[in-house]
1. Would you confirm whether or not region 35-58 contains a residue that is surrounded by 14 or more Cβ atoms within 10 Å (Cβ to Cβ) and aromatic (Phe, Trp, Tyr)?
2. For region 84-134, which positions are among the acidic types (Asp, Glu), farther than 15 Å from VAL74 by Cβ and in contact with a Cys (Cβ under 9 Å, 6 or more places away or on another chain)?
3. When you scan region 94-104, do you find a residue that is touching a Phe, Trp or Tyr at 6+ places or on another chain (Cβ under 9 Å), part of a helix (DSSP H, G or I) and under 18 Å from ALA35 (Cβ atoms), even just one?
4. For region 95-146, give me each residue that is in contact (Cβ under 8 Å) with a residue 12 or more places away in the chain and small (Gly, Ala, Ser).
Amino acid sequence: MPSSLPPGLPIVPDGTGDDSSETGPFPMSEDEFEAAVSDALDRIPPDLARTMTNVAVFIEDDYTPQPGEDPDTVLLGLYEGVPLTERDSWWDAGSLPDRITIYRQPILDLCATREDVVEEVTVTVVHEIAHHFGISDERLHKLGWG
């Protein structure tokens, strides 16, 4: 994985065209990628996993920028929902599950080896789950889970 790109962050290409260190995209089947995501989820400590409520994890090929976003934005993962720290007593009443999406192609595009993919998937999964617990991007960067 290129050292200039931090793991788990939204990435906007800088337009420099210096791809000399990249050999991606790493070829990995959808089933292999799904297994990497499943393994990353299995690595979450059981006590912590039990506190995750009403969360669904999805894998999609790529992120489509929303209206008003930079059309070149690339995401590796996305948390959509209400963090546990922001839920009130009414939250449970008919709330849809929180959604974590892991984007396959951008991760494969960044990685040169299977080990890189597994590491990036793990960092991205942890990063998005941390958002479910109300941990900000700023705090995640300080903790090394950027």
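1. no
2. Of everything in region 84-134, just one residue is among the acidic types (Asp, Glu), farther than 15 Å from VAL74 by Cβ and in contact with a Cys (Cβ under 9 Å, 6 or more places away or on another chain), namely GLU119.
3. Keep residues of region 94-104 that are touching a Phe, Trp or Tyr at 6+ places or on another chain (Cβ under 9 Å), which gives 98-104.
Subsequent filtering for residues that are part of a helix (DSSP H, G or I) retains 104.
Filter again for under 18 Å from ALA35 (Cβ atoms), leaving 104.
Scanning region 94-104, I find at least one residue that is touching a Phe, Trp or Tyr at 6+ places or on another chain (Cβ under 9 Å), part of a helix (DSSP H, G or I) and under 18 Å from ALA35 (Cβ atoms), so the answer is yes.
4. SER95, ALA112, ALA130, GLY134, GLY146
Each value in this text was obtained by applying a stated rule to the coordinates, not by laboratory testing. If you're wondering where the values come from, they're calculated on a predicted model, not measured in any experiment. Don't worry about glycine lacking a Cβ; one is built from the backbone with ideal geometry, like all the others, and counts go over all protein chains shown.
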